[in-house]
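Participant: Let me begin by handing over the structure; questions about it come next.
The values are calculated or read from the model by the stated rules, or taken from the named source; none is laboratory data. Computed from a prediction, not measured in an experiment: that's the story for all the values here. Because the Cβ atoms are built from the backbone with ideal geometry, glycine has one as well, and the counts that use them run over all protein chains shown.
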């Protein structure tokens, strides 16, 4: 199915200039800042938002074969996502029903059964108890209780696995309906994780969501992006807290002094598309169209299904927000998954989890785009799953220059949010996705009150 995702020609000062297609008026109220730091708010948020929402647990590539499992930790809970012998994906609390021990401590693995490290109770991949150590020493009335692992809702869509702690939550595909056809275009089920990083940041998880849902801050925090990213963007808002933003690549920002020359950043993107910058005779403003055309020619050469993508999707970053804590950056070559995981007890900390999904093309002259920032030692074939690189609070994340800049700044924003002098955020239309997210947050918090 083809979608008309044309980029709007945005002019600063026009009514709602950043919302060309789908606009939801979320008002102009100024929310109280306690949502960013108050412990009682965070506790209520856990019960009313996270315990009642679909949560992205892992890409399907983590659990392709029976016995493959991935551990998903969020807040105060830990889950095991596993492909069962029945071929379905299951999700269980990472808890032994005997004494509460965690059953797995590895991030990923492949097993035929789960064995508790404390007393060796065993469970099938589907969560059924299959062995109790020294069963004869238990009174029968004790073993009459439920001995199985506790399972949760687990469903797949668009190559991703989601879990929900609420047994009565609406089906996943119904919830994802506003953006599901968009996500399915990228064939994430045919991609593999080639990089996975986690780092602990000194801010509330919503501060992470806020920062990644707008590019208003690029000129101040990431000035190096201004030579190759246009910050005149289209924003679309959907019911349920979903949103989308197109970020034009291979175009200088209007804030950038040189609007004509093919600067090194744009030259890198030309090379990624198979165009030699030395022979390219156009201006910076002509590079985006040239990249789109080159990618279509290359797709025909390599047998890639690019006809389903608009020109905008070929050249730009298409970023989706999934309430509450996920953002997905989509490109035909790769997809970036970003999750903002609340700290179990401290609302002034969160874990940033990001992984890159890549579809390897085994053809001469085809390589991962340089803008992905992958090192030469990265296995792009998907044959070996990368380890998760984790850094603690205060340690250099080493996630790349742009993300390191964000991780340095967010604790400063968090400190200000706790000040008596801060009366709550004031969002521009460039930050419409933030207001939309917080409107859904308020709705969910109100439902559970």
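Participant: Which of the helices (runs of 4 or more DSSP H) found entirely inside the stretch 111-220 contain at least 3 residues meeting this: buried (at least 19 other Cβ atoms within 10 Å of the Cβ) and assigned by TED's automatic domain parsing to the domain that holds residue 431?
Facilitator: In the stretch 111-220, the matching helices (runs of 4 or more DSSP H) lie at 205-212.
Participant: Then there is this: Which condition from (1) buried (at least 20 other Cβ atoms within 10 Å of the Cβ); (2) touching a helix residue (DSSP H, G or I) at 6+ places or on another chain (Cβ under 8 Å) is the one that residue 361 breaks?
Facilitator: Residue 361 satisfies all of (1) buried (at least 20 other Cβ atoms within 10 Å of the Cβ); (2) touching a helix residue (DSSP H, G or I) at 6+ places or on another chain (Cβ under 8 Å) except (1).
Participant: Right, residue 319: modelled with pLDDT of 95 or more, buried (at least 20 other Cβ atoms within 10 Å of the Cβ), within 25 Å of the chain's Cα centre (by Cα) and under 19 Å from residue 371 (Cβ atoms) or not?
Facilitator: yes
Participant: If a residue must be farther than 27 Å from residue 326 by Cα and not in a loop (DSSP other than H, G, I, E, B), how many such residues does the stretch 229-268 contain?
Facilitator: The qualifying residues number 5.
Participant: From the list 291, 235, exactly one residue is in the same structural domain as residue 188 (by TED's automatic domain parsing) and at pLDDT below 95. Which is it?
Facilitator: Testing whether each residue is in the same structural domain as residue 188 (by TED's automatic domain parsing) and at pLDDT below 95 leaves just 235.
Participant: At pLDDT 95 or above, part of a helix (DSSP H, G or I) and surrounded by 12 or more Cβ atoms within 10 Å (Cβ to Cβ): which single residue out of 405, 414 fits that description?
Facilitator: Going through 405, 414 in turn, the sole match is 414.
Participant: So, one more: Check the stretch 275-297 and report whether any residue there is out of contact with any strand residue (DSSP E or B) (no Cβ under 8 Å at 6 or more places or on another chain) and in contact (Cβ under 8 Å) with a residue 60 or more places away in the chain.
Facilitator: No, the stretch 275-297 has no match at all.
Participant: What do you reckon, is residue 43 surrounded by fewer than 16 Cβ atoms within 10 Å (Cβ to Cβ) and either modelled with pLDDT of 95 or more or touching a helix residue (DSSP H, G or I) at 6+ places or on another chain (Cβ under 9 Å) (or both)? Before the answer, list the steps.
Facilitator: On the way: surrounded by fewer than 16 Cβ atoms within 10 Å (Cβ to Cβ): yes; either modelled with pLDDT of 95 or more or touching a helix residue (DSSP H, G or I) at 6+ places or on another chain (Cβ under 9 Å) (or both): yes.
Yes; evaluated as a whole, the condition is true for this residue.
Participant: Within the stretch 266-278, is even one residue surrounded by 14 or more Cβ atoms within 10 Å (Cβ to Cβ), within 30 Å of the chain's Cα centre (by Cα) and on the phi > 0 side of the Ramachandran plot?
Facilitator: yes
Participant: Right, here's the next one. Of (1) farther than 28 Å from residue 193 by Cα; (2) in contact with a helix residue (DSSP H, G or I) (Cβ under 7 Å, 6 or more places away or on another chain), residue 96 satisfies all except one. Which?
Facilitator: (2)
Participant: Taking the stretch 115-143, which residues are closer than 30 Å to residue 195 by Cβ and touching a residue at least 40 places away in the same chain (Cβ under 8 Å)? Even if it seems obvious, please write down each step before you answer.
Facilitator: First pass over the stretch 115-143, keeping only residues closer than 30 Å to residue 195 by Cβ: 117, 125.
Matches in the stretch 115-143: 125 only.
Participant: Quick one: count up the residues across the stretch 231-264 that are in contact with a helix residue (DSSP H, G or I) (Cβ under 9 Å, 6 or more places away or on another chain), surrounded by fewer than 20 Cβ atoms within 10 Å (Cβ to Cβ) and farther than 30 Å from residue 27 by Cβ.
Facilitator: 5
Participant: Which strands (runs of 3 or more DSSP E) sit wholly inside the stretch 305-367 and have at least 1 residues that are within 25 Å of residue 239 (Cβ to Cβ), in contact (Cβ under 8 Å) with a residue 12 or more places away in the chain and touching a strand residue (DSSP E or B) at 6+ places or on another chain (Cβ under 9 Å)? Walk me through how you get there before you give the answer.
Facilitator: Working: elements: 317-322, 326-330, 334-342, 350-358.
So the answer is 317-322, 326-330, 334-342.
Participant: Residues that are in the same structural domain as residue 31 (by TED's automatic domain parsing), within 26 Å of residue 247 (Cα to Cα) and within 19 Å of the chain's Cα centre (by Cα): does the stretch 414-427 have at least one?
Facilitator: Scanning the stretch 414-427, I find no residue that is in the same structural domain as residue 31 (by TED's automatic domain parsing), within 26 Å of residue 247 (Cα to Cα) and within 19 Å of the chain's Cα centre (by Cα), so the answer is no.
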